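This report concerns only the one structure given below.
The values are calculated or read from the model by the stated rules, or taken from the named source; none is laboratory data. Keep in mind the model is a prediction, meaning the values are calculated, not measured. As a convention, Cβ positions derive from the backbone with ideal geometry for all residues, glycine included, and neighbour counts pool all protein chains shown.
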């Protein structure tokens, strides 16, 4: 199976506007804009405003692993969405941070894994354990993948596993995550036998009168007196 990486060959772009100190976040949101900021190793932190609908579309499409070009304030800037804030009740976007990439330099980033195919061992009834859901790589921005495919069809038997070092990477990428880390593995399915212990039998004991009990002595006394009267 050939490995296919998902790139955004045409980088996503966002039109931005400079944000004045007097522009309150609530006033911007009322106008359909989101307060944001961009910064980087060679970029001072700059407050900006972005159209809410366009930012939502880019966020859903790109997430944090695709390059976004900001246009409208100074030179064009290639960025990554570094952080976003949402309203805890409505889920509406409230703020976004953009990290400006340095030209000609690779970036370190955690890329999500995409599970491809099905493990034959899992089809046979065993357990597939997915230990990692992302790995960190260092890569040129132009080759930054949206995700990294993991071919599960290689897991045929119990004990088979895939290490981080076995995941194919783009040509410019190098692995930052420990290569020995297990990404996915197969363990044997064992059906547990539940032993049912029978409940103990209930024995009902019936009490017998005690020969030496006071009642027995009292019952015997009148009988002895009657026998004495007959003899007399």
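Key figures
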| item | result |
| --- | --- |
| Residue among 90, 44, 10, 65 that alone is at pLDDT below 95 and touching a strand residue (DSSP E or B) at 6+ places or on another chain (Cβ under 7 Å) | 65 |
| Residues (part of a strand (DSSP E or B) and in contact with a helix residue (DSSP H, G or I) (Cβ under 7 Å, 6 or more places away or on another chain)) located in segment 151-194 | 162, 175, 183, 184, 186 |
| One residue from 144, 101, 148, 132 being under 18 Å from the mean Cα position of the chain (by Cα) and under 24 Å from residue 78 (Cβ atoms) | 148 |
| Hits in segment 68-87 - residues which are within 24 Å of residue 103 (Cβ to Cβ), surrounded by fewer than 16 Cβ atoms within 10 Å (Cβ to Cβ) and in contact with a strand residue (DSSP E or B) (Cβ under 8 Å, 6 or more places away or on another chain) | 69, 71, 72, 76, 82, 83 |
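Residue-by-condition table, conditions (1) surrounded by 15 or more Cβ atoms within 10 Å (Cβ to Cβ); (2) outside the structural domain of residue 58 (by TED's automatic domain parsing); (3) at positive phi:
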{"site": "114", "(1), (2), (3)": "yes, yes, no"}
{"site": "121", "(1), (2), (3)": "yes, yes, no"}
{"site": "125", "(1), (2), (3)": "no, yes, yes"}
{"site": "130", "(1), (2), (3)": "no, yes, no"}
{"site": "135", "(1), (2), (3)": "yes, yes, no"}
{"site": "138", "(1), (2), (3)": "yes, yes, no"}
{"site": "148", "(1), (2), (3)": "yes, yes, no"}
{"site": "151", "(1), (2), (3)": "yes, yes, no"}
{"site": "159", "(1), (2), (3)": "no, yes, yes"}
